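**Student:** One structure is given below, represented as structure tokens, and several questions about it will come after.
The values are calculated or read from the model by the stated rules, or taken from the named source; none is laboratory data. Just so you know, these numbers come straight off a predicted model, no measurement behind them. So basically every Cβ, Gly included, is an ideal-geometry build from the backbone, and we count neighbours across all protein chains shown.
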Amino acid sequence: MTPDPLTSLPARLYLLAYNLEKDQLYPNRRLGRALRAAALVELETDGWLVDDEGRVRVAAAPPGGRVAGAGPTPRGGSGRADPLVAAVYRQVEGAPVARSWADWIGHEHRAAVVETRDDLEAAGWIRVARGRALGVFPTSAVVLLPRAEVRAVNRAAGPVLRGEVAPADADPDLARLVALAAAGDVITLVSAGQRRAFAGQLGALTALAGHAARALAGDDPTGPTSGTAARSGGPGAGRPAPKV
């Protein structure tokens, strides 16, 4: 089976969280937040959402002359519509009051992992082995099927991360994925050591990626230190992540 083409940022980021050497999805309690941030970045980049003094709002007019009320379509006009991107858009559209980027990142973040996983399984990118521990507790194990594209993105990310390619000259989606991976603790793409070593480059990439990427990078509300600095061993490192 040939998997459906990947076009969305959340789907690509989920696959990049897979550890190719250990053949497993790397455990990451921030993955759901990273996926929702990726959906918000995509929606802002493509013109569906806008920033209004730190609050997220639906754009006054759909991008590219699309029909109002129809919601986001697959990027590039073909391929699968990402269910998480569509869900985030509907949530913002239906909210009675405008909320911050950080609020939307944390909203239902655990469900984002399951929704993205199930869609990638249906698209033929992964296989999910489901079972029950002790006959009671549901378990699942993800197995990546086609690996070439994930390996290629990992290799292409290196020069962007190390600054061998200027942020403005990098493939825009690749630059966004690197920034989101660093802010979301996707260490299979950007390790903790790389976050420290290339903090300046990552700061530039995050600034270009948009409001949601910046909110994800600094979403620790328990103190003045940004989330990225804390995870990189700076002041406040080791502080427990806030519960949402």
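**Student:** Of (1) at pLDDT below 90; (2) closer than 21 Å to residue 109 by Cβ; (3) under 19 Å from the mean Cα position of the chain (by Cα), residue 214 satisfies all except one. Which?
**Tutor:** So residue 214 meets the others, but not (1).
**Student:** Just for the stretch 90-107: of the residues that are charged (D, E, K, R) and farther than 18 Å from residue 71 by Cβ, which one is surrounded by the fewest Cβ atoms within 10 Å (Cβ to Cβ)?
**Tutor:** 103
**Student:** For the stretch 76-84, state whether one or more residues are of a type outside the set (Ser, Thr, Tyr), modelled with pLDDT of 95 or more, crowded, with 17+ Cβ neighbours inside 10 Å and over 14 Å from residue 210 (Cβ atoms). Outline the logic, then answer.
**Tutor:** From the stretch 76-84, those of a type outside the set (Ser, Thr, Tyr) are 76-77, 79-84; that's our starting set.
Right, trim to modelled with pLDDT of 95 or more and you get 84.
Remaining after also requiring crowded, with 17+ Cβ neighbours inside 10 Å: 84.
Next, from what is left, pick out any that are over 14 Å from residue 210 (Cβ atoms): 84.
Yes.
**Student:** State whether the residues of the stretch 178-198 include one that is closer than 14 Å to residue 37 by Cβ and among the hydroxyl-bearing types (Ser, Thr, Tyr).
**Tutor:** Checking the stretch 178-198: not a single residue is closer than 14 Å to residue 37 by Cβ and among the hydroxyl-bearing types (Ser, Thr, Tyr).
**Student:** Moving to a separate point now. For the subset of the stretch 11-36 comprising residues that are of a type outside the set (D, E, K, R), assigned to a helix (DSSP H, G or I) and farther than 22 Å from residue 158 by Cβ, which member is nearest to the chain's Cα centre (by Cα)?
**Tutor:** The qualifying residue nearest to the chain's Cα centre (by Cα) is 35.
**Student:** Against the conditions (1) at pLDDT below 95; (2) under 20 Å from the mean Cα position of the chain (by Cα); (3) within 14 Å of residue 25 (Cβ to Cβ); (4) not basic (Lys, Arg), where does residue 122 fall short? Just the number, please.
**Tutor:** (3)
**Student:** Additional query: Give me the pairs, please: first residue somewhere in the stretch 157-171 and in contact (Cβ under 8 Å) with a residue 40 or more places away in the chain, second residue anywhere and among the aromatic types (Phe, Trp, Tyr), beta-carbon distance under 7 Å, and either six or more positions apart or on two chains.
**Tutor:** 161/198
**Student:** Could you please find all residues in the stretch 167-180 being surrounded by fewer than 21 Cβ atoms within 10 Å (Cβ to Cβ), touching a helix residue (DSSP H, G or I) at 6+ places or on another chain (Cβ under 8 Å) and part of a helix (DSSP H, G or I)?
**Tutor:** Scanning the stretch 167-180 gives 167, 168, 172, 173, 174.
**Student:** Separate question: Name every residue in the stretch 151-166 that is hydrophobic (A, V, I, L, M, F, W, C), closer than 13 Å to residue 189 by Cβ and surrounded by 13 or more Cβ atoms within 10 Å (Cβ to Cβ), in order of residue number.
**Tutor:** The answer is 153, 156, 157, 160, 161.
**Student:** In the stretch 181-220, how many residues are touching a residue at least 40 places away in the same chain (Cβ under 8 Å), under 18 Å from residue 14 (Cβ atoms) and not in a helix (DSSP H, G or I)?
**Tutor:** Looking only at that region, the number is 6.
**Student:** Conditions: (1) at pLDDT 80 or above; (2) over 15 Å from the mean Cα position of the chain (by Cα); (3) basic (Lys, Arg). Residue 130 meets all but one. Number of the miss?
**Tutor:** Every listed condition holds for residue 130 apart from (1).
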